[in-house]
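Beneath this line is the structure, given in structure tokens, with notes to follow.
The values are calculated or read from the model by the stated rules, or taken from the named source; none is laboratory data. These figures come from a predicted structure and were not determined experimentally. Cβ placement follows ideal geometry from the backbone for every residue including glycine, while neighbour counts extend to all protein chains displayed.
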Amino acid sequence: MGRLAFGLLLFLFMPLSMLAQEAPALPAPEAHARRASAPPAEEIIPRVRDNQKQLEERRKNYICNLEEETQKLDGHDAVKKTEIKGYEMFFVDGQPILRQVSNASKPFDANEQRKEQEKVDKQIKKAHERAGKRERNQDDPNALGIKQFLAASRFSNARYDSFKSQRVLAYDFEPNRDFEPHTRAESLANKLSGTVWIDPDALAIVRLEARVTENFNVAGGLLGSLKRGSAVVFEQEHVNGEVWLPSFADFNVGARLWLVSSLHERVIDRFSNYRKFRVTSKISVTEPEAK
């Protein structure tokens with residue numbers, strides 16, 4: 001079930017993390033100190049969004065290792081079972097693609113690799129389809145982006161904070177009760193509360209903590225529901241001085257699937273070993289030769 005939790009993570013937060021840098025920087029720290037308060041989120045977060053295209057161009061050149069630890073939990077949050085899987089993650093048209101390479105630290109054999117490549121091809125096809133919709137200015141009703149996040153949330157307690165010895169901006173957010181959602185993504189955005197931390201110079205999200213404030217049903221609960229209290233912590237890091245990429249995610253999810261089974265898991269994703277690569281015409285990954 002690890003991919004389900006990772007899928008929920010992408011649905012919830014990856015569009016928020018696929019934001020950019022190279023935007024006009026805020027005033028220098030000395031100027032910050034003279035301001036009576038930190039700038040409002042409505043001023044900062046749209047500026048983060050504006051550079052998404054530049055980030056997608058840079059991140060498509062990177063591949064990384066992803067270790068995913070899935071803990072099956074009982075009703076008292078005690079761990080019943082732990083699974084560890086290994087993946088490679090790269091980006092196509094701005095969308096993250098997962099290729100599983102190991103299970104329980106055991107590398108896949110040739111047959112497992114072939115089956116996994118078939119899954120990767122399907123992921124890439126869907127990424128191209130989503131990119132085509134964006135080019136035709138067709139909104140994806142399932143995509144949770146900055147526009148929905150801003151409209152569906154109320155921000156408060158704007159402040160300067162510290163993250164890993166770095167001076168950052170921090171904003172708390174909660175559901176905007178005056179907002180009327182019209183899509184699944186907007187409905188979910190309107191059920192989130194938490195805090196977001198932003199690098200004020202790069203204008204990139206460095207950490208986000210969010211919690212679902214009430215049950216979120218898909219198709220009226222027929223397909224499933226995400227339970228109140230499900231939560232995520234997501235972090236990014238600056239790689240090679242040119243792009244912001246995921247570094248850590250901790251996802252605690254309670255859900256009901258197809259009105260039949262219940263799911264209670266904690267999924268911890270650790271991203272490492274970012275390096276440049278290229279995608280061949282046959283959609284296989286080739287790392288550049290060492291110079």
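Quick notes on this one:
- Verdict on Ala127 being in a helix (DSSP H, G or I) and at pLDDT 75 or above: yes
- When Pro29, Pro15, Pro40, Pro46 are screened for being surrounded by fewer than 16 Cβ atoms within 10 Å (Cβ to Cβ), at negative phi and modelled with pLDDT under 70, only Pro29 passes.
- In the stretch 181-231, counting only strands (runs of 3 or more DSSP E) that sit wholly within it, the ones holding 3 or more residues that are at pLDDT below 85 span 216-218, 224-226.
- Within this structure, Ala210 fails the test of being of a type in the set (A, V, I, L, M, F, W, C) and free of Cβ contacts under 8 Å to residues at least 40 places away in the same chain.
- Among the residues making up the stretch 81-106, those that are loosely packed, with under 14 Cβ neighbours inside 10 Å, assigned to a strand (DSSP E or B) and out of contact with any helix residue (DSSP H, G or I) (no Cβ under 9 Å at 6 or more places or on another chain) are Lys81, Thr82, Lys106.
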